[in-house]
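Worksheet for the structure shown next.
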Amino acid sequence: MPNKGKIVAGVLAPHPPHLVYAENPPQNEPRAECGWENLRWAYERLRKSLSHLDYDVLVVHSPHWRTQVGTHFLGVEKFSSLSVDPVFPNLFRYHYDLAVDVSLAQQIHDQAEKEGLTVKMMKNPHFRIDYGTIISCHMTNPTWDKPIVGISSNGAARYFNMEVLQAEMLRLGEATRKAIEDSGKKAVLLASNSLSHRHFTVEGEVPEDMSREHISNHNQYLWDMKIIDLMKKGKTEEILSIMSDFTETATAETDGGSLSWLLSALKIPKYPAEIHGYGSVIGTGNAVVEWRTPL
Amino acid sequence: MSSTGKSPFGLVLPGLPQILLCPEKNPGWEKLFLAFQQLRSEMETQSIDGLILYSTYWPSVIGHQIQSYPEPQWTHVDDEFHDLGSIPYHFRVDSDLAQTINEQAKARGLHSRTVSYKGFPIDTGCVVALKLLNPDNRWPVVIVSSNVYADRAETIVFGKAAKGAIESSGKNIVPIIITSLSNRLHTHWIRPEEDHIHSLKDQEWNQKILEFLSAGRLEDVSQLSRQFHREARVPKVANFKPFWWLASVLGQNNFYTGRIYEYQPVFGSGAAIISLTPSDRAARDLEFDENDPEKFLGERQVIS
Ligand SMILES: [Fe+2]
């Protein structure tokens, strides 16, 4: 029996492609002058914080791998290809080369299945990794020296409502935690979503022109601040209880269930989260937030 | 070419991968596969210079995107149905027509852009429909996106941009919407032989739409879009837009001969292959009560 595994940290790790674009890593084709520094510096602080942690794997739940039939898991050891963002192809054309911890993915899959969730392993080697997964992982660990587990998001918030999705995600979070404990591995979890999510529908000549960047509307800003305040106070149970309202009224990207999954996997933390930073990207609200699991 | 280009007819096509990758597994999927073949062989006898696809499977946020990469080539895998197999594709795009649509859209006040990037992820719906309808690239194509926030006025104007581009091209171009009717998929795995429309309500709405279209009542269906969106669509975007676009390109009226080639369930959704050919006689002379904007005057912030 191996040592008991553990989730050593959970992170709200949003994935606007603008952040990778503005970082100018060699993997991304377009070049930027600057941009969205408050969020990029937030990710810098996250990376610094995680650099003191010993962990084996990043487990990422992405709103941009959307499935309607349950939850799917990447099930191929290696993926190497080009990811072009269908919405912002001018900003994100990223050559990725990543490793998947298929055995942990299979364990989470099996645990979720045991608990009655609909699940599937994705075993097609030609599958293209979604840009949400890539961006959250790149911003968290740009060296890609850890394998990942990639988890799809389910469309139940649109098919039914947010309550239905959240109920499933709470179960998936528990299954994720149990499987990680059984695996003996140390994992960092990434919920790859923005908070409020109303975009501008136009873009300037220079996408990184920060004189144009602001939140879409004050309503969204108030909601984002409310959620962040609860995170700071360790009141995540309250976040879950207002998740439906938040998702609907702030058109939040929590409709993919990533944040609900994360909070559940972290046992609905009562300790304060570390807010590494908040900023808007093309009108949407984004926070980089870390929950460091107590020793 | 100096004469005015036109659309000889328009098409409604489904885009789920079962029809292409495993039609033999369900008699209904096979009927759709065969209907694609029949449509294709009929089209090959006609004078057609190209296709424009409006895809509900390609959402955009920044205005409207128009595919202009001359030869997109990739091996596509669907996010959901990845176990059905991979779909290699190599398409031929009419980049000039894409540019003209873009210019016309901008002149009408829309935010739009062409996208021309190696490896751009063409959506499952377009890949499936083009592999079935246009496997040898007989006709060059343009693909346009569906903006998630756009509503009727913006979509009508975007359709007019395509219509204007077709006219100025001097060519015969077929506008195509890639869409299911009801779009609710099963949320659990089914055996192929168990496939059925997800609910009776979806089925009844699909049949109502088919009844209208078989009578050539495109504008009536266009004007039913909002209600259809509420009744028979999983609300993933602001509204059900493809028939607004198609009516705008073909002409906002009921003067059509409608032909239903096939209608079948695919994984719970309503998949139909339909042609609409302009004719002299209106199916029914209803009052068209929605306005007919020529220019887009900007977003009115009706959705928070
Ligand atoms: Fe996103």
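Observations
- Residue count for segment A:70-92 under the criterion of being touching an Asp or Glu at 6+ places or on another chain (Cβ under 7 Å) and crowded, with 21+ Cβ neighbours inside 10 Å: the result is 2.
- Residue count for segment A:117-141 satisfying the condition of being within 16 Å of the ligand (Cβ to nearest atom), within 11 Å of chain B (Cβ to nearest Cβ) and among the β-branched types (Val, Ile, Thr): 1.
- Candidates B:Leu110, B:Leu53 - the one that is crowded, with 21+ Cβ neighbours inside 10 Å and away from chain A (no Cβ under 12 Å): B:Leu53
- A:His95 vs. criteria farther than 30 Å from A:Gln166 by Cα and in contact with a Leu (Cβ under 6 Å, 6 or more places away or on another chain): yes
- Residue satisfying condition, being over 15 Å from the mean Cα position of the chain (by Cα) and touching a residue at least 12 places away in the same chain (Cβ under 8 Å), within set A:Glu253, A:Glu238, A:Glu248: A:Glu248
- Taking the criterion of being under 17 Å from A:Gly283 (Cβ atoms), in a helix (DSSP H, G or I) and within 16 Å of the ligand (Cβ to nearest atom), the residues of segment A:248-260 that qualify are A:Glu253, A:Thr254, A:Asp255.
- Residues that are within 16 Å of the ligand (Cβ to nearest atom) and assigned to a loop (DSSP other than H, G, I, E, B) within segment A:1-45 comprise A:Ala13, A:Pro14, A:His15, A:Pro16, A:Trp36, listed in sequence order.
- Taken over segment B:136-177, the criterion of being part of a loop (DSSP other than H, G, I, E, B), of a type in the set (Gly, Ala, Ser) and surrounded by fewer than 23 Cβ atoms within 10 Å (Cβ to Cβ) is satisfied by B:Gly170 alone.
- Among the residues of segment A:93-116, not a single one is farther than 18 Å from B:Trp74 by Cβ and facing chain B (nearest Cβ under 10 Å).
- When each of A:Thr176, A:Thr236, A:Thr201 is tested for being modelled with pLDDT under 95 and either touching a helix residue (DSSP H, G or I) at 6+ places or on another chain (Cβ under 9 Å) or within 16 Å of the ligand (Cβ to nearest atom) (or both), the lone residue that passes is A:Thr201.
Condition check ((1) hydrophobic (A, V, I, L, M, F, W, C); (2) within 21 Å of A:Tyr21 (Cβ to Cβ)) across all residues:
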{"residue": "A:Ile135", "(1), (2)": "yes, yes"}
{"residue": "A:Leu172", "(1), (2)": "yes, no"}
{"residue": "A:Gly184", "(1), (2)": "no, no"}
{"residue": "A:Glu208", "(1), (2)": "no, yes"}
{"residue": "A:His214", "(1), (2)": "no, yes"}
{"residue": "A:Ile227", "(1), (2)": "yes, no"}
{"residue": "A:Glu237", "(1), (2)": "no, no"}
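- Taking the conditions (1) under 30 Å from B:Thr100 (Cβ atoms); (2) crowded, with 23+ Cβ neighbours inside 10 Å in turn, B:Asn253 satisfies each one other than (2).
The values are calculated or read from the model by the stated rules, or taken from the named source; none is laboratory data. Since the structure is predicted, the reported quantities are computational estimates derived from the model, not experimental observations. Here Cβ is always computed from backbone atoms with ideal geometry, including for glycine, and neighbour counts include all displayed protein chains.
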